[in-house]
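Heads up, the thing below is written out as structure tokens.
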Amino acid sequence: MRKELGVRSQDTIAAEDLAQLLPAFTESLLPVLMNTSILTNLALLQRTLDPLDIEGLAKLWSRDEEETQTPPTPVGIGSQEVTLKEWDKFVGDYLAQTTSASWSDLTLRWNKPSLEDLRYYMLSYLLSATFKDCSVIIRLPGRSSTDAPTITAIDLDPKSVARLSKWEELDKGIVDSYIKSGDTSAPPCIDAALGVGSTTSVFESLGKEHEEVTKGAPLALVCMAFLTGACITYFLAW
């Protein structure tokens, strides 16, 4: 592909070479992104697996400690690691709750999380962290190749319960830094724009989101990557 584009073969590609490569790269990549559901699925998983955020999970953890008169500790400290059997049960419970649920149904449940569901929300956050931290590899075959593009999600290993307290600490640091910055801007809420809290089903609203974003190509490339929060790595078959 480099020869077809007239790109030099040095290890370090010059800025003018990148500018020359970009149109062909975008032309090859966008159809692949527009015709895959992987980014929409990641957005769905990230959004529905993390309804409380680490701050809300920490508050639920503290409520449980108060109820059981346990000395206060950071979220997750002293909890057992998740077993394969637990993950299997969690996935079944998650799918039962979200497959046919509307945003309003889920919002009502999330606004008043039960202490009995603390372990569920802990597993849910851990799995959401996996999908937020995963990478998507897109392999584009050369122009003369008859192979189809391939899309693969990697780095899907489950996160450790021990990470929860570190994420809580990190979240507090981010909030403190934001407050100190004095920034009073209010970015638009993506969930509000999608109708989260309405009677529209979760899957239906995210399907509409995908349709709207794809109308804006090539801006769609940026939007979809932003919505998922995943690191997207592109591999070209030179």
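Across the cross-link table entries LYS85/LYS172; LYS159/LYS180; LYS59/LYS132; LYS89/LYS132; LYS89/LYS172, which are compared at the Cα atoms, the separations over 24 Å belong to LYS85/LYS172; LYS159/LYS180; LYS89/LYS172.
Backbone amide hydrogens, once placed in the peptide plane, bring GLY76 within less than 5 Å of nothing, excluding anything fewer than 5 places away on its chain.
Counting neighbouring beta carbons within 10 Å and listing from fewest to most, the residues TRP87, TRP167 come out as TRP87, TRP167. Ranking of TYR125, TYR94, TYR178 by neighbouring Cβ atoms within 10 Å, starting from the fewest: TYR178, TYR94, TYR125. When a/c reaches 1.5 or more, the comparison of a/b and b/c decides; with that in mind, is region 61-123 rounded, prolate or oblate per its Cα gyration tensor? Oblate, because a/c is 1.5 or more while a/b does not exceed b/c. Packing order of peptides 17-26, 73-82, highest average first: 73-82, 17-26 (average count of other Cβ atoms within 10 Å over each peptide's residues).
Read-outs throughout are calculated quantities, based only on the coordinates presented, and are distinct from any laboratory measurement. Not measured: the values here are computed from a predicted model. Note that we place each Cβ from the backbone using ideal geometry, even for glycine, and neighbour counts take in every protein chain shown.
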